[in-house]
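Please read the structure below before turning to the comments.
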Amino acid sequence: MSLLQIEGISKAFGGVQAVQNVSFRLQAGELLALIGPNGAGKSTTFNMVGGQLAPDRGRVLLAGRDITGLPPRAIWRLGVGRTFQIAQTFASLTVAENVQMALLSADRRIFSWWPRAAGHRRADALALLEQVDMQAQAGRPCSELAYGDVKRVELAMALAHDPRLLLMDEPTAGMAPGERVALMQLARRIAQERRMGMLFTEHSMDVVFGQADRVAVLVRGQLLAQGTPQKIRDDARVQQAYLGTGLVRERTA
């Protein structure tokens, strides 16, 4: 059974068909990149998986369970984590306290957090930070961190409720080339160690072709192709859809 199964999802906004009959699967421990030109329907598809949008048609299944149209909080409780294009952390709190806040939420104690965050499951918070190579900076405020390190903290926070599926929306946006490759190598290692599936949207082709196990390509709201990175590189339809963009340059470099 697939960890995530998308069956013919569609979404329209007014008279505009943003996504039409898209289907794909994701296995435990697998990294699937969802790519496409601007306006291809990536964000709409991503948000239908995460619950921010409800499909007009089709189904979203998590380990065989129909989660179509459930609110984001309910989907999160079922084991789906998420990071965002712009990192979501508390700048005034320390690195460790940010992760402890996520642990409080996982324990359903978020509404009585202050002043307990600093003492809540600190050992578990430090263990999560060690997984993302940030334990040495546990006592620093997030406001003092480089952006690449903030993204690592956000990843640790997303892991706080032990998700089986992680959604990463443009995880390397705004990062230098070396930083983005390092972050996704780290995310890949964690996904494999935890047997956690990972669906991510991404514009950086070095990340997509270097780290994804499979790639799904959306164009004008429809699934154009899916397969291994090499299969996608060699697909003439994908090359045409990305003519003049990083996909072609990456292939010919």
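Read-outs: derived from the displayed coordinates by stated rules, not from any lab. The structure displayed is predicted, hence computed values, not measured ones. Cβ sites come from the backbone with ideal geometry, for glycine too, and all protein chains shown count toward neighbours.
Quick notes on this structure:
- Positions within the stretch 9-62 being closer than 18 Å to G79 by Cβ and touching a Pro at 6+ places or on another chain (Cβ under 7 Å), in sequence order: M48, G50, G51, Q52
- Subset of the stretch 208-244 that is among the aliphatic types (A, V, I, L, M), touching a residue at least 60 places away in the same chain (Cβ under 8 Å) and part of a helix (DSSP H, G or I) - its residue that is surrounded by the most Cβ atoms within 10 Å (Cβ to Cβ): V208
- Subset of the stretch 183-200 [among the acidic types (D, E) and surrounded by 22 or more Cβ atoms within 10 Å (Cβ to Cβ)]: none
- Test: residue in the stretch 153-170 that is more than 18 Å from the chain's Cα centre (by Cα) and not in a helix (DSSP H, G or I): no
- Residue list for the stretch 180-193, filter: in contact with a Lys or Arg (Cβ under 8 Å, 6 or more places away or on another chain) and among the charged types (D, E, K, R): none
- Residue satisfying all of: in the stretch 54-67; without any contact (Cβ under 8 Å) to a residue 60 or more places away in the chain and surrounded by 20 or more Cβ atoms within 10 Å (Cβ to Cβ); farthest from Q27 (Cα to Cα) among these: P55
- The stretch 187-204 - residue that is part of a helix (DSSP H, G or I) and in contact with a helix residue (DSSP H, G or I) (Cβ under 7 Å, 6 or more places away or on another chain) and, of those, farthest from V217 (Cα to Cα): I190
- Test: residue in the stretch 75-84 that is basic (K, R), out of contact with any Ser or Thr (no Cβ under 7 Å at 6 or more places or on another chain), surrounded by fewer than 21 Cβ atoms within 10 Å (Cβ to Cβ) and closer than 25 Å to R195 by Cβ: yes
- For the stretch 171-180, a residue qualifies if it is within 15 Å of the chain's Cα centre (by Cα) and either over 18 Å from V153 (Cβ atoms) or in a loop (DSSP other than H, G, I, E, B) (or both), and the qualifying residues are P171, T172, A173.
- Any strands (runs of 3 or more DSSP E) falling wholly within the stretch 1-69 and containing at least 2 residues that are over 23 Å from T172 (Cβ atoms) and small (G, A, S): 4-13, 16-26
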